[in-house]
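Asker: Take a look at the following structure, please.
The values are calculated or read from the model by the stated rules, or taken from the named source; none is laboratory data. Please read these numbers as outputs of a predicted model, since none were measured by experiment. Note that each Cβ is placed from the backbone with ideal geometry, even for glycine, and that neighbours are counted across all protein chains shown. These area figures cover heavy atoms from the full protein model, side chains too; ligands, DNA and RNA do not enter into them. Shrake-Rupley method; radii C 1.70, N 1.55, O 1.52, S 1.80 Å.
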Amino acid sequence: MNVFYFLAAFLLVRRLVKRYKFTPLFPKWQGMFKTATWILPVVYIANAIWLDNYEAFADILGAGMLFGMLWYIDNEPDFVTQKPYLQANYPLVAVGVINGLTLLIAESFHDKHENYFQFATLAAFVWIFGKWATSNKQDEALRIAAERKAELEALVNERTAELVKQKENLQDIVEELKATQDQLIQSEKMASLGELTAGIAHEIQNPLNFVNNFSEVSMELIDEMAEELEKGDKDEAMAIAADIKQNLEKIRHHGQRADGIVKGMLQHSRASSTTKEPTDINKLADEYLRLSYHGLRAKDKSFNAHLETHLAPDLPMANLVPQDVGRVLLNLFNNAFYAVQQKHKALGGDFKPTVEVSTLAPPPTKGAAPTLVITVKDNGTGIPDDIKEKIMQPFFTTKPTGEGTGLGLSLSYDIVVKAHGGKLDIESKEGEYTIFTIRLPLK
């Protein structure tokens, strides 16, 4: 969850840039803004890599970094108008410190109540957005009032005042052009981070909307329950309490959904820190096939599928990162079982869901390095031709809202192609089958 502290810090810097870039104070702080904009992604990436397995320290570091920025800005007279927005960030700092210390001191307690800690972090982050929206409305009202005042003054000013205003407008245009040029250069350097941030903002919006809506409804139900208790109608109050509990379950579900998106994003952006080692791919494929199938069966006891394994005997060991390739296989198996499950729901008992995995070490062609081929096939819904080229893109998913983040195949592609120098191909016919073929170098 430490991504929220860095994202809050990044948004704080961007807000200050937006608020001050056309004011006389901007040249004074322009260098500081640029430095902070560069340092934050570097610190975040370093935090994600070096403290990946030390969640408590990562949370404390993120919260401490955000607190340091808030303390410094809060003590600068130039930023006195931003105090209300700065204060909105302190709850997130407090949640981060409490979360990290609890994880260090009482890990079992933290694990038991992890959902509450995650919800508190998400709520504190949402509170910042709420404060931002409120302050934006206030700023807009002030801007409109200032423009009106300027118009009234322009009507009574002499020609000299008009010339001065024109000069100021020209200066503003020059400053805006300089700022735009700097932003274009910065955008080129920060392209990957920009895409990542936009993807999160888009994907996380739906669960946040659910959290907000159910929270508002729950507040109204609490008022109704208080009224019923005052009337002495205990039965009605208990019924309302049950509704509130259901709403809280939905809030928890969508909070976990948002958390899953963030964790998936971190996995997608983080380079693997493990080393390659000789791996029995037959054992790995069979293990993850069973893992995926039983995972789906745990959610839907009525679902059954026929599993087929065609694993080549005497398959040579492959030099790869087993955890990463296992993640790829799990993603492909999960997608295959989902596809046959959806087709089974549509066709009923006449359809026999089947998922097949096969391995092969074909004889290498002259001059080519030896490879290993893994094939995952299903007789499910298939992939339409018009989306085959998009299927590997980050955050693209064909699943309904709430059932997929759109990062599985994108992450799988990066692991196979970029991390292992292999290939990941798709063959599919809509309504009939889908075949994913992984080709990995043996060495």
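Asker: Cβ contacts < 9 Å: first residue over 17 Å from ASP223 (Cβ atoms), restricted to region 241-253; second residue open to solvent by less than 70 Å² (accessible area, probe 1.4 Å) and among the small types (Gly, Ala, Ser), any location; separation 6+ or different chain. Result?
Answerer: From region 241-253, the pairs are ILE251/SER215; ILE251/SER218; HIS253/GLY402.
Asker: Could you grab me the full set of residues in region 318-358 that are surrounded by fewer than 21 Cβ atoms within 10 Å (Cβ to Cβ) and not in a helix (DSSP H, G or I)?
Answerer: Matches in region 318-358: ASN319, VAL321, PHE351, LYS352, THR354, GLU356, SER358.
Asker: What about ALA361, is it in contact with a strand residue (DSSP E or B) (Cβ under 6 Å, 6 or more places away or on another chain) and surrounded by fewer than 21 Cβ atoms within 10 Å (Cβ to Cβ)?
Answerer: yes
Asker: Mind listing just one residue for me: the one in region 380-423 that is modelled with pLDDT of 80 or more and in a loop (DSSP other than H, G, I, E, B) and, of those, nearest to VAL321 (Cα to Cα)?
Answerer: HIS420
Asker: When PHE10 is evaluated against the numbered criteria (1) among the aromatic types (Phe, Trp, Tyr); (2) modelled with pLDDT of 75 or more; (3) closer than 18 Å to GLN118 by Cα; (4) touching a Leu at 6+ places or on another chain (Cβ under 6 Å), which criterion, by number, is the only one it fails?
Answerer: Answer for PHE10: the failing condition is (3).
Asker: Under 8 Å between Cβ atoms, which residue pairs at least 6 apart in sequence (or on different chains) link something in region 349-368 that is farther than 24 Å from ASN304 by Cα with a partner that is at pLDDT below 85?
Answerer: Final answer for the pair search is ALA361/LEU442.
Listed here are the residues, each with its yes/no results for (1) charged (D, E, K, R); (2) touching a residue at least 40 places away in the same chain (Cβ under 8 Å); (3) open to solvent by less than 80 Å² (accessible area, probe 1.4 Å).
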| residue | (1), (2), (3) |
| --- | --- |
| PHE79 | no, yes, yes |
| TYR85 | no, yes, yes |
| VAL95 | no, no, yes |
| SER108 | no, no, no |
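Asker: What pairs can you find where one residue is in region 374-400 and within 14 Å of SER412 (Cβ to Cβ) and polar (S, T, N, Q), the other is open to solvent by less than 60 Å² (accessible area, probe 1.4 Å) and at pLDDT below 70, and their Cβ atoms are less than 6 Å apart, with a gap of 6+ or different chains?
Answerer: Note: pairs meeting the criteria are THR397/GLY404; THR397/GLY406.
Asker: Out of the residues in region 298-317 meeting the condition of being outside any loop (DSSP other than H, G, I, E, B) and within 15 Å of SER358 (Cα to Cα), tell me which one is farthest from the chain's Cα centre (by Cα).
Answerer: Filtering region 298-317 for residues that are outside any loop (DSSP other than H, G, I, E, B) and within 15 Å of SER358 (Cα to Cα), the one farthest from the chain's Cα centre (by Cα) comes out as HIS310.
Asker: Any residue in region 128-151 that is among the aliphatic types (A, V, I, L, M), open to solvent by less than 70 Å² (accessible area, probe 1.4 Å), within 30 Å of VAL42 (Cα to Cα) and modelled with pLDDT under 80?
Answerer: Yes: region 128-151 contains one or more residues that are among the aliphatic types (A, V, I, L, M), open to solvent by less than 70 Å² (accessible area, probe 1.4 Å), within 30 Å of VAL42 (Cα to Cα) and modelled with pLDDT under 80.
Asker: For region 359-379, enumerate the residues that are not in a strand (DSSP E or B) and not hydroxyl-bearing (Ser, Thr, Tyr).
Answerer: If the condition is that a residue be not in a strand (DSSP E or B) and not hydroxyl-bearing (Ser, Thr, Tyr), then ALA361, PRO362, PRO363, PRO364, LYS366, GLY367, ALA368, ALA369, PRO370, ASN379 are the ones that fit.
Asker: Hey, another quick one. Restricting to region 425-443, what's the tally of residues that are over 31 Å from the mean Cα position of the chain (by Cα) and under 15 Å from LEU329 (Cβ atoms)?
Answerer: 0
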